[in-house]
Every structure is written in C-alpha cells, then in structure tokens.
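The values are calculated or read from the model by the stated rules, or taken from the named source; none is laboratory data. Note that the structure is predicted; figures quoted are calculated from it, not measured. Every residue, glycine as well, gets a Cβ built from its backbone with ideal geometry; the counts of neighbours run over all protein chains shown.
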Amino acid sequence: MTRILLTRRWPGAVEQVLAARFETVLNEGDRPMDAAALAEALRNFDAVLPTVSDRLPDTLFAGGNLRAKILGNFGVGYNHIDVAAAKAAGIVVTNTPGVLTDCTADLAVSLLLAVARRTGEGERQVRADAWDGWRPTHMIGTKVSGKTLGIIGFGRIGKAMAKRCRFGFDMDVVFYNRSKVAEEEAKRFGARQLETVEDVLKAADFVSLHCPGGGENRYLMNAARFAAMKAGAYLINTARGDVVDEAALIDALERGVIRGAGLDVYEAEPAVPQRLRALENVVLLPHLGSATEETRTAMGMKVVDNITAFFAGQEPPDRVA
Ligand code: 8YV
C-alpha cells in the first residue's frame with residue numbers, strides 16, 4: 001500500500017479522506033520535523049506532505065536511494081523546498097494554489113486596517129483597563145479610504161487585495177509585477193501597473209507584499225527601499241518573511257522612516273525579534289493568512305487530489321514547474 005507521511009496534523013475531515021485512500025502516518029507530536037527526521041521520511045514513505053514549517057534543502061535529496069516520489073506541499077508557497085533538487089532526485093512537488101487567495105487577501109486587508117487605525121494598540125489599552133475616556137486626540141490613526149495602495153506581486157492574492165482595496169475602500173491601487181499584465185486585466189481589479197518597485201514605493205501610502213519568497217525576492221524590501229517609501233507610509237507583509245530584511249525594517253520603524261507595519265510572516269518563524277515586539281506601531285500575527293476552517297480544509301483536499309492523481313498514474317493538477 002502507498003505510504004504517506006503528514007508532517008503536521010491537518011483538518012480532521014481531510015485526514016479521514018487520506019486515511020481511507022492511503023496508509024497514512026502522522027508525525028508524532030505535531031511538531032516541525034528536523035532535517036534528520038525529514039531525510040528518513042524521504043527514504044521510508046512514497047509521499048511526504050510537508051508544510052511551511054518543514055525545511056527541505058538540497059542536502060536532503062543528495063544521498064539518493066529515496067522512496068519518496070512526491071512532495072504534496074500543504075500551502076501555495078514552497079520556498080522551504082528546494083524544488084530543483086527534488087526534481088533531480090525524481091520527486092514531483094505539488095502545491096495548493098487558488099483556494100487560499102480570498103482568506104490571505106482578507107488577512108492583508110485586516111492588517112492594513114489594524115495598523116492604520118491602531119486597533120491592536122486600542123485593544124491592548126482596553127484590556128489593560130488603561131483607557132481614560134473619549135477625547136478628540138485619542139489614539140489618532142490614518143484614514144485608509146482615498147489613499148494609495150502599492151502591491152508588489154500581482155498574482156492571485158495581489159489581485160484579490162487590489163479588488164478589495166479599490167472597490168471596498170475606494171483606494172487608488174498601483175502595482176509592480178515582474179511580467180507585464182494586460183491593461184484590461186489590471187483594470188478588472190481596479191489597479192494600474194507601474195514600471196519598477198521604486199515607482200510603487202514612491203506612490204504608495206500602503207505597500208503590500210504578494211510575491212513568492214526565496215530566490216530573487218529575498219530582501220526585496222531592504223534599507224534603501226524603506227528609505228524610498230513615502231514619509232508616513234506603512235508596510236504589510238502576508239507573503240514570506242524573507243522578502244523583507246527584518247533588521248532593516250525594525251530600524252526603519254524605530255527611526256520613523258516608515259510609520260508602521262502589519263506582519264503575518266517573519267524571517268525566522270516562529271521567532272519574532274524582541275525589538276519588533278517592543279514597537280507599538282506594528283501589528284504582529286502568527287502566520288494566519290490561510291487559517292480558516294474552510295480554507296485549510298480546501299488546501300488539504302487539494303493535496304489529496306494531487307497525490308491521488310499522481311498515484312493513479314495521472315498528472316497531478318498542481319505540479320510545481
Ligand atoms: C499556509 C502559506 O498556511 O500557503 C502558503 O503559502 O503561507 C500559508 O497560508 C502555509 O504555507 C502552510 O504550509
């Protein structure tokens with residue numbers, strides 16, 4: 001029977017479907033697996049189903065003699081997997097595009113609103129019983145409607161973010177994308193493409209990152225780029241932690257180079273630097289982009305579809321190129 005390993009617990013409904021179709025083993029303890037455990041898994045299972053909390057660098061695929069034929073990644077982002085090395089070892093990698101678009105864009109909107117309107121700070125104040133009553137100058141934030149949103153990466157999630165902010169919050173939306181997007185397509189989402197990242201940073205009151213992590217996007221936001229942002233602008237990151245040079249971001253926040261940040265992802269998750277946690281002008285979430293019952297179940301079902309097709313000798317619908 002086909003043996004598969006889940007590196008973490010999944011929504012119950014999906015685990016049941018998997019268990020009905022395959023010999024399913026759950027990683028004990030629902031903890032991230034270390035390199036040695038993952039290497040062993042690649043030798044002992046036909047399929048390994050990793051998440052963003054598992055690192056699969058090239059060294060794991062180097063030794064040969066691997067039983068694994070497919071990595072069914074639970075998530076759309078796969079920069080934690082060295083896909084080229086997996087491919088060279090004869091292992092197919094799949095992901096879960098599409099099903100987490102809405103929820104991730106929703107979370108980006110909620111971070112944008114939260115940091116602009118200081119809702120985290122306000123909530124902390126009420127919970128600490130430190131609110132001394134209404135006054136015209138209490139906890140003043142930034143108006144969102146009518147402002148300019150700059151999107152970096154106009155894929156599914158970038159587009160969903162554009163649509164929400166243009167048509168829901170009456171924002172002007174500009175974006176950078178490494179390939180040209182047809183004007184008609186951009187218009188459909190109420191957005192306009194600019195030539196360079198710098199053009200977007202210069203125009204935007206809010207910059208929201210929606211590009212993949214890893215590769216050329218590592219440290220796309222660095223000290224120079226924070227300096228290129230509009231005075232008083234905000235950064236939103238629901239993409240990947242390594243798209244941002246976190247030390248440079250902290251510096252920019254502390255020195256007032258930018259006004260605030262709403263973050264769902266970090267460079268060395270789950271570690272969040274103390275200096276970042278000490279700031280009031282940030283909203284910090286624990287990688288919740290896709291964390292709804294509906295979406296996590298849909299992600300799991302996508303992985304099931306991918307590995308089911310693969311072991312039936314068909315092309316998995318979401319093979320990573
Ligand atoms: C997932 C994500 O929860 O899909 C992604 O790329 O960032 C998250 O929403 C995570 O990757 C699970 O592996």
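A few remarks follow.
- Within region 237-272, the residues that satisfy the criterion of being surrounded by 15 or more Cβ atoms within 10 Å (Cβ to Cβ), away from the ligand (no atom under 16 Å from the Cβ), in a loop (DSSP other than H, G, I, E, B) and of a type outside the set (A, V, I, L, M, F, W, C) are 245, 259.
- Single residue of region 285-321 satisfying the filter (closer than 30 Å to residue 232 by Cβ and in contact (Cβ under 8 Å) with a residue 24 or more places away in the chain) that is farthest from the ligand (Cβ to nearest atom): 285
- The combined condition, being within 16 Å of the ligand (Cβ to nearest atom), surrounded by 15 or more Cβ atoms within 10 Å (Cβ to Cβ) and over 25 Å from residue 205 (Cβ atoms), is fulfilled by residue 96.
- Among the residues making up region 79-109, those that are in contact (Cβ under 8 Å) with a residue 12 or more places away in the chain, out of contact with any Ser or Thr (no Cβ under 9 Å at 6 or more places or on another chain) and not β-branched (Val, Ile, Thr) are 79, 84, 86, 88, 89, 90, 95, 97, 98.
- Meets criteria (assigned to a strand (DSSP E or B) and either among the basic types (Lys, Arg) or surrounded by 15 or more Cβ atoms within 10 Å (Cβ to Cβ) (or both)) for residue 174: yes
- Every pair of residues 6+ apart whose Cβ atoms lie under 6 Å, when the first sits in region 183-194 and is surrounded by 19 or more Cβ atoms within 10 Å (Cβ to Cβ) while the second is among the polar types (S, T, N, Q): 186/193
- Here the condition is being of a type outside the set (Phe, Trp, Tyr), in a loop (DSSP other than H, G, I, E, B) and under 24 Å from the mean Cα position of the chain (by Cα); of 163, 180, it holds for 180 alone.
- Meets criteria (closer than 21 Å to residue 308 by Cα and either surrounded by fewer than 16 Cβ atoms within 10 Å (Cβ to Cβ) or within 24 Å of the chain's Cα centre (by Cα) (or both)) for residue 104: no
- Search result, residues across region 183-231 that are among the basic types (Lys, Arg), within 23 Å of the chain's Cα centre (by Cα) and in a helix (DSSP H, G or I): 225
- Test: residue in region 246-253 that is touching a Pro at 6+ places or on another chain (Cβ under 8 Å) and among the β-branched types (Val, Ile, Thr): yes
- Filter pass, residue 140 being at pLDDT 95 or above, among the aliphatic types (A, V, I, L, M) and either buried (at least 17 other Cβ atoms within 10 Å of the Cβ) or not in a loop (DSSP other than H, G, I, E, B) (or both): no
- Top-ranked residue of region 213-224 - restricted to ones that are free of Cβ contacts under 8 Å to residues at least 40 places away in the same chain, out of contact with any helix residue (DSSP H, G or I) (no Cβ under 6 Å at 6 or more places or on another chain) and over 18 Å from residue 264 (Cα atoms), ranked as farthest from the ligand (Cβ to nearest atom): 224
- When every residue of region 56-64 is checked against the conditions, at least one turns out to be within 19 Å of the chain's Cα centre (by Cα), among the hydrophobic types (A, V, I, L, M, F, W, C) and within 16 Å of the ligand (Cβ to nearest atom).
- Lone unmet requirement of (1) under 19 Å from residue 98 (Cβ atoms); (2) more than 21 Å from the chain's Cα centre (by Cα); (3) not basic (Lys, Arg) for residue 257: (1)
- Qualifying position, being in contact with a Ser or Thr (Cβ under 9 Å, 6 or more places away or on another chain), among the basic types (Lys, Arg) and surrounded by fewer than 20 Cβ atoms within 10 Å (Cβ to Cβ), among 3, 43, 9, 67: 3
- None of 51, 101 is within 13 Å of the ligand (Cβ to nearest atom), at pLDDT 95 or above, touching a Phe, Trp or Tyr at 6+ places or on another chain (Cβ under 9 Å) and under 27 Å from residue 208 (Cβ atoms) except 51.
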